[in-house]
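One structure below.
The values are calculated or read from the model by the stated rules, or taken from the named source; none is laboratory data. Because the structure is a prediction, the values reported are computed rather than measured. Methodologically, a virtual Cβ is constructed for each residue, glycine included, from the backbone with ideal geometry; neighbour enumeration extends over all protein chains shown. Side chains included, ligands, DNA and RNA excluded: accessible areas come from the protein's heavy atoms. Shrake-Rupley method; radii C 1.70, N 1.55, O 1.52, S 1.80 Å.
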Amino acid sequence: MEERIQKSYQKYHKNSFQILLHLYQGNYWRFALSSIFFIIKHLPSWLMPLAIANVINAAASNDLSQIQTIYFNAFFMACLIGQNILTNYFHVKYHSASIRQVEAGLRATLIKKIQELSIPYQKELQSGRIQSKIIRDVEAVQTLSSQVFVSGLNIAVNLFVALGITLYKSPVVFLFFLLTVPLAALVAVLFRKRIKESNSEFRQEMEETSAKVIEVIELAPISRAHALEKHETSRLNDHFSQIYKKGFHLDILQSVFGSVSWASFQIFQLVCLIFTGVLALQGRIQPGDVVMYQTYFTTVVNSVSSMITLIPTISKGMESIASIGELLTAGDVESYQGKKKIQQLRGEFRFEDVSFHYPDSPKPVIDHFSLEVKAGETIAFVGPSGSGKSTLLNLLIGFSQPSSGTIYLDGQPMDSLDMRSVRNFLAVVPQATLLFSASIRENITYGLKNVSEDQLNKVIEAAQLSSLIDELPEGLDTLVGEHGNKLSGGQKQRISIARALIRQPKIILLDEATSALDNQSEKKIQQALNYLTEAPTTFVVAHRLSTIKEADKIAVVNEGKLIELGTYEELLAKKGYFYRLKNE
């Protein structure tokens with residue numbers, strides 16, 4: 001499913017309508033069956049006016065033999081009404097299965113694409129925009145599919161049946177419909193356009209106010225600490241006042257529209273009644289046909305009005321198809337086709353004259369960087385903010401590729417390796433701790449199966465989590481809340497470190513990973529790394545220079561260049577850049 005959706009966008013990326021058709025390839029038979037059941041289930045509403053006209057004509061004939069006509073029409077309509085329940089079930093079953101399948105497939109394809117996109121590309125995208133594509137745009141495509149199929153089919157069949165029967169029964173009334181229906185529909189359309197604009201203004205004000213309310217709630221401790229409660233209340237009251245004004249205006253407009261639309265529609269109905277009544281009086285149509293034409297006139301007017309109303313939904317859906325395509329056709333993806341997969345790893349690295357700069361900036365972030373790292377060594381990157389330390393980690397993970405030069409892993413160029421296989425031996429503890437809304441156990445064992453309790457307990461002890469878990473009523477099964485908001489910064493970092501340790505990695509990268517821990521806890525965790533992971537190659541980015549005394553090498557980085565290299569004692573003895581950093 002995901003592959004077919006991806007191909008649809010690649011093949012027809014400039015034609016939203018073709019993409020929509022191609023998305024449902026393989027489901028056309030479901031739509032055909034659904035259409036058949038739709039037509040059958042709606043037969044009562046389309047044939048009822050005709051049956052009523054037959055009954056009235058039979059009753060007006062004063063011929064007792066016409067009683068059979070009345071009974072037959074009643075029995076026939078009763079049968080049609082009874083079948084509606086079963087045929088409606090099959091209609092919904094087939095069309096909903098198709099639409100929901102494509103809806104789920106689109107979201108799955110988008111998630112898969114996000115996992116393939118390069119990290120630098122993802123950082124350029126706002127998370128809100130990505131979320132909007134996955135939720136709102138896919139929902140708009142689902143609405144478009146449903147509206148085009150169900151509403152479009154309903155409109156088309158209603159018009160065909162009503163106009164077809166009218167034309168067959170009376171070409172004169174058919175011509176009257178063609179002249180008056182557009183005028184009746186136009187009144188409704190003009191008002192709906194104005195209501196749509198007013199409704200949009202009201203919705204935008206509600207969204208803005210909602211954002212302000214969340215902001216005020218989050219800033220409550222700050223505003224309270226600075227005695228700004230009245231200021232915040234006044235600021236929100238302005239928005240509440242705007243909601244009142246726009247909401248009141250919308251209510252009045254909708255009320256006027258309702259009354260004017262109803263009145264105008266009744267006038268056109270009255271005109272239709274007079275016109276068909278005169279025809280009946282002249283003997284050009286039967287008296288019972290007056291009721292039938294009244295019903296069909298209503299059907300045609302509503303169908304034309306619905307057709308016009310459907311246009312914004314179609315437009316919005318087509319825009320959403322194009323919006324989804326922006327992500328699905330993005331070419332900046334990690335591709336490892338044909339590259340070598342790693343089965344085992346020692347963890348030796350060599351930077352050979354590596355430089356890196358972003359595409360939109362000629363200034364290098366990493367500038368002719370060379371460094372050799374033996375398996376099992378701990379290397380600390382230190383330097384001022386913006387010196388390129390975190391970029392070096394991104395190069396090691398494979399999130400970014402060198403602009404020039406080569407990084408070797410176990411003697412092999414990293415650009416020749418399938419980095420997905422390399423990452424099986426790698427663990428990362430980022431600067432910003434990332435936890436998801438689940439238990440502590442699930443956050444630590446994320447992505448792993450069959451983790452033994454003994455292995456888990458060793459990791460918990462090494463990460464200094466034992467006392468925390470002992471204090472919690474549900475222990476390891478305690479929920480951490482959204483983004484781990486039930487825990488302190490240090491507690492979240494320890495869970496993140498435990499998540500890395502339990503993977504027993506050959507390479508571990510710590511990007512300011514222990515900044516929220518005290519020195520004693522940080523030292524114990526660093527000592528536990530070798531014990532639990534059989535001496536991994538460890539890269540550490542740290543600002544607290546006192547915490548990297550045990551590193552085998554300290555690489556001092558400034559403006560992307562390696563300016564000093566040595567042990568903690570060696571660098572202090574040089575009294576160079578590192579010495580100045582240490583004493584600042």
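Tell me, please, whether a residue that is touching a strand residue (DSSP E or B) at 6+ places or on another chain (Cβ under 8 Å), closer than 23 Å to Val540 by Cα, of a type in the set (A, V, I, L, M, F, W, C) and open to solvent by 10 Å² or more (accessible area, probe 1.4 Å) can be found in region 407-424.
Yes, some residue in region 407-424 is touching a strand residue (DSSP E or B) at 6+ places or on another chain (Cβ under 8 Å), closer than 23 Å to Val540 by Cα, of a type in the set (A, V, I, L, M, F, W, C) and open to solvent by 10 Å² or more (accessible area, probe 1.4 Å).
Considering only region 516-568, state which residues are at pLDDT below 75, under 18 Å from Gly383 (Cβ atoms) and hydroxyl-bearing (Ser, Thr, Tyr).
The first filter runs over region 516-568 and keeps only residues at pLDDT below 75, leaving 516-535, 543-547.
Then drop every residue that is not under 18 Å from Gly383 (Cβ atoms), which leaves 543-547.
Scanning region 516-568 gives Ser546, Thr547.
Quick check, is Ser45 assigned to a helix (DSSP H, G or I), among the hydroxyl-bearing types (Ser, Thr, Tyr) and either at pLDDT 75 or above or touching a strand residue (DSSP E or B) at 6+ places or on another chain (Cβ under 9 Å) (or both)? Don't jump to the end; show me each part of the working.
Details: assigned to a helix (DSSP H, G or I): yes; among the hydroxyl-bearing types (Ser, Thr, Tyr): yes; either at pLDDT 75 or above or touching a strand residue (DSSP E or B) at 6+ places or on another chain (Cβ under 9 Å) (or both): yes.
When the stated conditions are applied, Ser45 passes them.
Give the residue that is nearest to Ala375 (Cα to Cα), with candidates limited to residues of region 564-584 that are open to solvent by 10 Å² or more (accessible area, probe 1.4 Å) and either within 41 Å of the chain's Cα centre (by Cα) or touching a residue at least 60 places away in the same chain (Cβ under 8 Å) (or both).
Once the filter is applied, the top-ranked residue is Leu565.
Looking at region 132-246, what helices (runs of 4 or more DSSP H) fall wholly within it and have at least 3 residues that are open to solvent by 50 Å² or more (accessible area, probe 1.4 Å) and modelled with pLDDT under 70?
Details: elements: 138-146, 152-169, 171-218, 220-225.
Those helices (runs of 4 or more DSSP H) span 171-218.
Mind checking which residues of region 425-453 are in contact (Cβ under 8 Å) with a residue 60 or more places away in the chain and of a type in the set (S, T, N, Q)? Steps first, answer last, please.
Filtering region 425-453 for residues in contact (Cβ under 8 Å) with a residue 60 or more places away in the chain gives 425-431, 433-435.
Gln431, Thr433 - these are the residues of region 425-453 that are in contact (Cβ under 8 Å) with a residue 60 or more places away in the chain and of a type in the set (S, T, N, Q).
Would a scan of region 347-370 turn up a residue that is free of Cβ contacts under 8 Å to residues at least 40 places away in the same chain and closer than 23 Å to Pro536 by Cβ? Quick ask: steps written out before the conclusion?
Taking region 347-370 as the starting set, the residues that turn out to be free of Cβ contacts under 8 Å to residues at least 40 places away in the same chain are 359-363.
Okay, now just the ones that are also closer than 23 Å to Pro536 by Cβ, so none.
No - not one qualifying residue is present in region 347-370.
Going by what's in this entry, would Val373 be described as over 35 Å from the mean Cα position of the chain (by Cα), of a type in the set (Val, Ile, Thr) and open to solvent by less than 50 Å² (accessible area, probe 1.4 Å)?
On the way: over 35 Å from the mean Cα position of the chain (by Cα): yes; of a type in the set (Val, Ile, Thr): yes; open to solvent by less than 50 Å² (accessible area, probe 1.4 Å): yes.
Yes; evaluated as a whole, the condition is true for this residue.
Going through Gly283, Gly277 one at a time, which residue ends up being at positive phi, over 33 Å from the mean Cα position of the chain (by Cα) and at pLDDT 75 or above? So that I can check it myself, show each step before the final result.
Working: Gly277 fails: at positive phi.
Among Gly283, Gly277, only Gly283 is at positive phi, over 33 Å from the mean Cα position of the chain (by Cα) and at pLDDT 75 or above.
Of all the residues that make up region 27-82, how many are surrounded by 12 or more Cβ atoms within 10 Å (Cβ to Cβ) and within 30 Å of Gln101 (Cα to Cα)?
Final tally of qualifying residues: 14.
Could you tell me how many of the residues in region 273-289 are open to solvent by less than 30 Å² (accessible area, probe 1.4 Å), touching a residue at least 60 places away in the same chain (Cβ under 8 Å) and either under 17 Å from Asn158 (Cα atoms) or part of a helix (DSSP H, G or I) (or both)?
4
Look at region 439-452 and say how many of its residues are open to solvent by less than 90 Å² (accessible area, probe 1.4 Å) and over 12 Å from Ile495 (Cα atoms). Spell out how you get there, then give the answer.
In the first step, residues of region 439-452 are kept if they are open to solvent by less than 90 Å² (accessible area, probe 1.4 Å); the result is 439-441, 443-445, 447-448, 451-452.
Next, from what is left, pick out any that are over 12 Å from Ile495 (Cα atoms): 447-448, 451-452.
Summing the residues that are open to solvent by less than 90 Å² (accessible area, probe 1.4 Å) and over 12 Å from Ile495 (Cα atoms) in region 439-452 gives 4.
Determine which member of the set Gly325, Gly317, Gly331, Gly338 is within 19 Å of Leu110 (Cα to Cα), at pLDDT below 75 and open to solvent by 50 Å² or more (accessible area, probe 1.4 Å).
Values: Gly325 fails: open to solvent by 50 Å² or more (accessible area, probe 1.4 Å); Gly317 fails: open to solvent by 50 Å² or more (accessible area, probe 1.4 Å); Gly338 fails: within 19 Å of Leu110 (Cα to Cα).
None of the others qualify; the one that does is Gly331.
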